[in-house]
Amino acid sequence: MKVKVEKYPGLSIGNNGHLCFSGADCVRLAKQFGTPLYVISEDVFRDTCRAQRAAFEKHCPDAHISFSTKALTALALMRIAVQEGLGLDASSPGELFGALKAGCKPENTILHGNFKKAEDLEFALGKKVGRIVVDSFEEIEELDAVARRMKVRARVQVRVNPGVEAHTFELLKVGMLDSKFGLPLQNGDALEAVRRILKKKNLDFMGVHYHIGSQILDPSPFRIAAERAMEFLLALRREAGATVRELNIGGGLPVRYDSRHPMPTPEQFARQVCGTVKKIAKDNGLDMPRIILEPGRSVAGPAGITLYTVGPVKHIPGIRDYVTVDGGLSDNVRPGLYGATYDGLLANKAASAARMKPFRVCGRHCETDTLFQSLHLPDPAYGDILAVLSTGAYNYSMSSNYNKFPRPAMVAVSKGKARLIMERETYADLYRKDLTEGKG
Ligand SMILES: Cc1ncc(COP(=O)(O)O)c(C=O)c1O
């Protein structure tokens, strides 16, 4: 039941028995910056960016990787992604604002969303966004009207729904027919959408986009989706005379959440996708579209851990034992939202030889707030430091202020050194927009 620390990039155990991340002692980090604390390894983050680029560029040399900022909307990390040659994708104008603030060139940004309002489109075009991924017939009309008013030509990709079932959490599956995202390939809506775009003077049709889901451990749905997309590209040539310059395959590559499970490599995904696209293009005399991918979780997830201070430990005889930590639902909603599971260990007892016993780990929110249904720990006690692993993605970015807990600070660690990249919120921050007397 012991977590295999060596399976997690950047993690090690120091001579003093403490957990270290990128060479930084996690117990010392907790003392210096307080808890809960998001810790991001800059080294691991850079490595994941590089590994994904290397894997896809090996098979498709002009592949472009766009970091999906929704996974970790921290300016310092988005900036590093840009330094590593990645573009940034945004699923809202707020994320686009952040991507630009982090230093991404406008042409390397992509805007998503299943309902972008006219003001969102205007904002994005005003900022010279690289691509807008249209998701509905209504949006095609709205975007064309906005672009016409602004006297610009919007470069668009069409989000299609390939009807592929990926084996992941129910709420993370979005590529099957029954989904709010995309225009279905099956019923001809996707083809009709491209036809309409081609008639619009202010829209420049660049390509096709799909995203089949997140945390997909088996690469084969990627191959099936690529096959369906390529059939669509052939239909577009045949029936609409359309040239597709870009094929955007979305995100979905997985991250390790359990040290006992095998993990596919980015290379396996790249081979499935690029191999399929290249073969179908070659067999049919189609120009190879540029492959774009938008990984979020697989880039940010392994780069982050969260540190908590252990509070009361309760023994309920004949039922179970509880460990309480000083965070929970507001800094990590995933266990509550869809039963996500993690590995965790006590950072100050990482080398402990004490017998491991199962504990339910809960937070301090006024909710059931379970972080771990059952986590094996060696003698947890008040004041210990619990490290939860692989929390770099969708933890900070999905955080809230429920119960008016301030959001944690975030530090970046590299080669043993730490720097604060996000300040801990204060109580005053929590009420900054709250108008006691009202106005207007
Ligand atoms: C359009 C799109 N692209 C990329 C992503 C990133 O996915 P992941 O974090 O699984 O890589 C998502 C996630 O929801 C998405 O909706």
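We did not get these values from a lab; they are worked out from the coordinates using the rules stated. All figures in this text were calculated on a predicted structure; none of them were measured in a lab. FYI the Cβ positions are ideal-geometry reconstructions off the backbone, even for glycines, and counts take in every protein chain you see.
First measure r as the distance between the Cβ atoms of GLU239 and ALA145, then evaluate 1/(1 + (r/R0)^6) with R0 = 22 Å and state the FRET efficiency to the nearest 0.05. Efficiency for this residue pair is about 0.25.
Restricting the GluC sites (Glu not before Pro) of region 89-127 to loop positions (DSSP other than H, G, I, E, B) with no more than 16 neighbouring Cβ atoms within 10 Å leaves nothing.
Taking amide H as placed 1.01 Å from N in the peptide plane, HIS376 has its amide H under 5 Å from the amide H of PHE359, each at least 5 places away in sequence or on another chain.
Cross-link partners of LYS433 among lysines, defined as those whose alpha carbon lies under 23 angstrom from its own and excluding same-chain residues fewer than eight positions apart: LYS101, LYS404.
The largest-to-smallest principal axis extents of the Cα set in the chain are 69, 60, 42 Å.
Near PRO378, once Lys and Arg are set to +1 and Asp and Glu to -1 for all other residues with Cβ below 10 Å from its Cβ, the sum equals +2. DSSP finds beta bridges in region 112-295, and of those with both partners inside it, around 5 percent are antiparallel. In terms of the Cα gyration tensor, with a ≥ b ≥ c the square roots of its eigenvalues, is region 1-153 rounded because a/c is under 1.5, prolate because a/b exceeds b/c, or oblate? It is prolate, given that a/c is not under 1.5 and a/b is the larger ratio. Of the GluC sites (Glu not before Pro) in region 341-440, the ones in a loop by DSSP (not H, G, I, E or B) with at most 15 other beta carbons within 10 Å are GLU367, GLU423, GLU437. Cross-link partners for LYS357 among the lysines, with Cα-Cα distance under 29 Å and sequence neighbours closer than 8 places in the same chain left out: LYS2, LYS4, LYS7, LYS31, LYS314, LYS349. Label-point separation (nm) for GLU423 and ASP189, each offset 7 Å from Cα along Cα-to-Cβ? Using points 7 Å along Cα→Cβ, the separation is 4.6 nm.
In this rough spin-label picture, where each label sits 7 Å from Cα along the Cβ direction, the LYS117-SER12 distance is 5.1 nm. Straight-line reach from LYS180: taking Cα to Cα under 12 Å and skipping same-chain neighbours fewer than 8 places apart, the aspartates and glutamates in range are ASP135. Net length available on complete extension from LYS282 to LEU430 is 47.6 nm, with 0.36 nm assigned per residue and the Cα-Cα distance removed. In order along region 113-127, the Karplus-derived 3J(HN,Hα) couplings, from 6.51 cos²θ - 1.76 cosθ + 1.60 at θ = phi - 60°, round to x, 8, 8, 9, 7, 3, 5, 5, 5, 5, 4, 5, 5, x, 8 Hz, and Gly and Pro are given as x. Cysteines of the chain lacking any other cysteine Cβ under 4.7 Å from their own Cβ: CYS20, CYS26, CYS49, CYS104, CYS362, CYS366. Taking 0.36 nm per residue of sequence separation and removing the Cα-Cα distance, the LEU75/GLU138 pair yields an extension gain of 19.4 nm. Full extension of the chain between LYS101 and SER179 gives 24.9 nm of extra length, using 0.36 nm per residue less the Cα-Cα distance.
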